[in-house]
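Remarks on the structure that follows.
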Amino acid sequence: MKDSSRKQGAACPCAACKLLRRRCGDDCVFAPYFPADEPHKFASVHKVFGASNVNKMLQELQEHQRGDAVSSMVYEANARIRDPVYGCVGALSSLQQQIDSLQTQLAFAQAEVVHMRMRQLSSPESASSPSSGNTQSSWAAKSLFNMDMVVDQTDMDDSIWP
């Protein structure tokens, strides 16, 4: 029975055991998280954290937490390889800057819409239209003030992102 399990382990080692050139046993902590068909995952994690450290981290966690931990390590390792200084914090910072820029663009667009509606309300054509009466101006006022306005309350000087 043990011979067949050794043959299974030897026939299809996980990506970690394959890279480390060791026998992959049934109790291999890496096998469930680094399958043989995804060797790049373990290669990047090993390059950044080292196999021994990854092994220690996985051993300290409960089994139901290990999948998320491996996913995080793979993401951080790939980010660290792309940007050795900031890693995934650099990606987060870039995304935060994009959010800030888009919020500013949205605020300008919303202000322009309000400005155009105000001009439309004050134009002589809408005021002199006899058939529209009071219902058009009340509808325009309601639609003007029912707009969802996005206001950013955060102070950019206190931001934690560089």
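A compact table of results
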{"item": "Given charges at Cβ of Lys, Arg, Asp, Glu: the stretch 7-82 dipole, positive-most of 20, 33, 74", "result": "20"}
{"item": "Chymotrypsin sites (Phe, Trp or Tyr not before Pro) within the stretch 21-116: DSSP coil, no more than 16 neighbouring Cβ in 10 Å", "result": "86"}
{"item": "Over the stretch 34-94, equivalent-ellipsoid semi-axes from the Cα gyration tensor in Å", "result": "20, 13, 11"}
{"item": "Part-to-part distance (alpha-carbon centres) for the stretch 65-123 and the stretch 16-33, which is given in Å", "result": "39"}
{"item": "19 Å Cα cut-off, lysine pairs counted over the stretch 1-122 (separation 8 or more, or different chains)", "result": "6"}
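Computed from the coordinates by the stated procedures, all read-outs in this text should not be read as laboratory data. This one's a predicted model, so the numbers in the text were calculated from it and none came from an experiment. Note: ideal-geometry Cβ built from the backbone for every residue, glycine included; neighbour counts use all protein chains shown.
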